[in-house]
Amino acid sequence: MSAGFADGLPLRDRGRVRAWDLPTRLFKWLLVLLVFTAWLTQQGGDPWIRVHIVNGYAVLVLLAFRLLWGMFGSSTARFSAWVTWPWDAASYGFGLIRGRARPYLGHNPLGGWMIIALLCLVGAQAVTGLFTVDDNGIYGGPFSNLDFGDPTPLQSRFSRWHHGAFGLILAFVAVHVAVNLFYQFVKKDPVVRAMITGDKPVEPFADQPEMRPGRHLALRASLCLAAALAIVLGGVRLAGGSL
């Protein structure tokens with residue numbers, strides 16, 4: 001069945017439009033899963049540390065993919081669609097308080113900044129993991145300097161961040177979830193459902209009337225994923241790290 005059709009009817013004939021492409025939705029839910037398994041494997045201690053390290057590489061690949069997809073993805077996935085100036089986000093926030101904020105097909109200006117913050121925090125957690133040694137000093141990331149004596153002060157700071165900053169990520173995640181639930185159930189803007197199904201009811205959206213996937217979406221996504229793998233794994237090897 002082709003995208004945009006269900007029960008033989010186009011989405012618009014059912015009062016709905018495409019909001020998010022499949023690669024963007026897969027990215028979101030895979031990242032949620034990987035962040036959870038990162039916490040779970042860290043709680044498991046040494047028996048799970050190898051899985052934790054592989055999980056970290058997967059997070060980095062996903063983030064690299066999202067950066068590329070923000071340039072080459074569909075119209076709502078591109079950064080140009082939802083990365084706004086801070087004063088635009090503030091204006092949207094004041095309009096939201098007054099009950100005058102227009103609906104957005106993609107991320108609204110405030111939501112865009114929340115996504116940026118979450119991506120930066122998760123990215124910092126994954127990158128610092130490349131330099132981190134576990135509490136026993138046995139396992140570590142590819143740049144943990146295990147074979148060359150004590151870690152440098154920079155590596156020690158990275159390790160402290162990696163071991164201690166997950167609570168900050170959880171705080172931002174909690175705010176993100178609470179805001180999404182507010183939009184879903186109070187404002188009746190189905191942001192959660194849209195990130196599952198990919199579509200939204202037709203409205204006079206402030207950003208764009210419907211998602212424009214562009215040509216060869218699956219091919220572009222595959223190329224971005226291949227490039228992300230090369231950037232992360234190839235970058236580690238080129239920088240002297242051991243996978």
Compute the FRET efficiency between Asp46 and Ala239 as 1/(1 + (r/R0)^6), taking r as their Cβ-Cβ distance and R0 = 35 Å, and round to the nearest 0.05. 0.85
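Quick check on the stretch 15-131: what are the equivalent-ellipsoid semi-axes from the Cα gyration tensor, as sqrt(5λ), descending, whole Å? Let's see the in-between values first.
On the way: eigenvalues 200, 52, 33 Å².
After scaling each eigenvalue by five and taking roots: 32, 16, 13 Å.
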Quick one: if you stick a label point 7 Å off each Cα along the C-beta vector at Phe79 and Ala230, how many nm between them? 2.0
For the pair Leu67 and Val175, how long in nm is the line joining their label points, each one 7 Å along Cα→Cβ? 2.3
What FRET efficiency would be calculated for the residue pair Arg102, Gln184, taking the C-beta separation as r and a Förster radius of 25 Å, to the nearest 0.05? 0.90
May I ask you to list the residues of the stretch 66-108 whose amide nitrogen lies under 19 Å from a point 7 Å from Cα along the Cα→beta-carbon direction of Leu223? 66-80
Which of the peptides 234-242, 158-166, 121-129 is most tightly packed, and how do the rest follow, going by the mean number of other Cβ atoms within 10 Å of each residue? 121-129, 158-166, 234-242
Are there any helices in the chain, counted as whole DSSP H runs, that stretch 20 Å or more along their axis by Cα and score at least 1.6 on average by Kyte-Doolittle, and if so which? 109-129, 166-185
Rounded to the nearest 500, what is the chain's calculated 222 nm mean residue ellipticity when only DSSP H runs of at least 4 contribute -39500 (n - 2.57) each, over all residues? -18500 deg cm²/dmol
How high is the relative contact order of the chain, in percent, with contacts defined as C-alpha pairs under 8 Å that are six or more residues apart? 30
Of the options Val236, Trp20, Ile115, report the single residue whose Cα projects farthest towards the positive end of the charge dipole of the chain (beta-carbon charges: Lys, Arg +1; Asp, Glu -1). Trp20
May I ask which residue of Thr152, Gly99, Pro142 lies farthest towards the positive end of the charge dipole of the chain, with charges of +1 (Lys, Arg) and -1 (Asp, Glu) on Cβ and the Cα centre as origin? Gly99
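How large is the charge dipole for the chain, taken about the Cα centre, if only the Cβ atoms of Lys, Arg (+1) and Asp, Glu (-1) carry charge, to the nearest 20 debye?
Working: 22 positive and 14 negative charges, 178 e Å.
Using Cβ point charges on Lys, Arg, Asp and Glu, the chain gives about 860 debye.
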In whole Å, what three semi-axes, largest first, describe the equivalent ellipsoid of the chain built from its Cα gyration tensor (square root of 5 times each eigenvalue)? 37, 21, 15
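Since every read-out is calculated from the coordinates, none of them should be taken as a lab result. Only a predicted model underlies this, so the values are computations on that prediction, with no experimental measurement involved. Note that each Cβ is placed from the backbone with ideal geometry, even for glycine, and that neighbours are counted across all protein chains shown.
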